[in-house]
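For reference, the structure discussed in these notes is given below.
The values are calculated or read from the model by the stated rules, or taken from the named source; none is laboratory data. Predicted, not measured: the structure shown is a model, and the values here were computed from it. Here the Cβ positions follow ideal geometry from the backbone for every residue, glycine too, while neighbour counts run over all protein chains shown.
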Amino acid sequence: MEKLRLEMDFLDGANKKYRIRVDEPREDLDKTEIQEAMENIIQYNIFKSKEEDLVGIDSARFVRTTVEEFEL
């Protein structure tokens, strides 16, 4: 079984990375939609790191993993 995850990396006020993971995102998301979502997260202060607000976008990626389960 293949699983898809969207990882979005932000920078907080202390210039540290903060990652948000979204399991099973739409596969047809494009760069513009992801960037707009990340900008909205920052603009509306939806998430923050342990100590600081998120202030910038660092990167984003899709991660695909293959899961092989065993019957025991």
Exactly one of these conditions fails for Leu11: (1) free of Cβ contacts under 8 Å to residues at least 24 places away in the same chain; (2) surrounded by 13 or more Cβ atoms within 10 Å (Cβ to Cβ); (3) of a type outside the set (Val, Ile, Thr). Give me its number. (1)
Note: among Ile42, Ile57, just one is on the phi < 0 side of the Ramachandran plot and touching a helix residue (DSSP H, G or I) at 6+ places or on another chain (Cβ under 6 Å), namely Ile57
Output the number of residues of the stretch 37-51 satisfying the condition of being surrounded by 14 or more Cβ atoms within 10 Å (Cβ to Cβ) and either closer than 14 Å to Lys17 by Cα or not small (Gly, Ala, Ser) (or both). 6
For the stretch 17-28, give me each residue that is at pLDDT 95 or above and in a loop (DSSP other than H, G, I, E, B). Glu24, Pro25, Arg26, Asp28
For the stretch 52-72, what are the residues that are exposed (fewer than 10 other Cβ atoms within 10 Å of the Cβ) and among the aromatic types (Phe, Trp, Tyr)? Phe70
In the stretch 23-39, what count of residues is obtained for those that are closer than 12 Å to Met8 by Cα and of a type in the set (S, T, N, Q)? 1
Extreme residue, farthest from the chain's Cα centre (by Cα), among residues of the stretch 37-72 that are within 18 Å of Lys3 (Cβ to Cβ) and assigned to a strand (DSSP E or B): Thr66
Is it true that some residue in the stretch 29-36 is outside any strand (DSSP E or B), surrounded by fewer than 10 Cβ atoms within 10 Å (Cβ to Cβ) and of a type in the set (S, T, N, Q)? yes
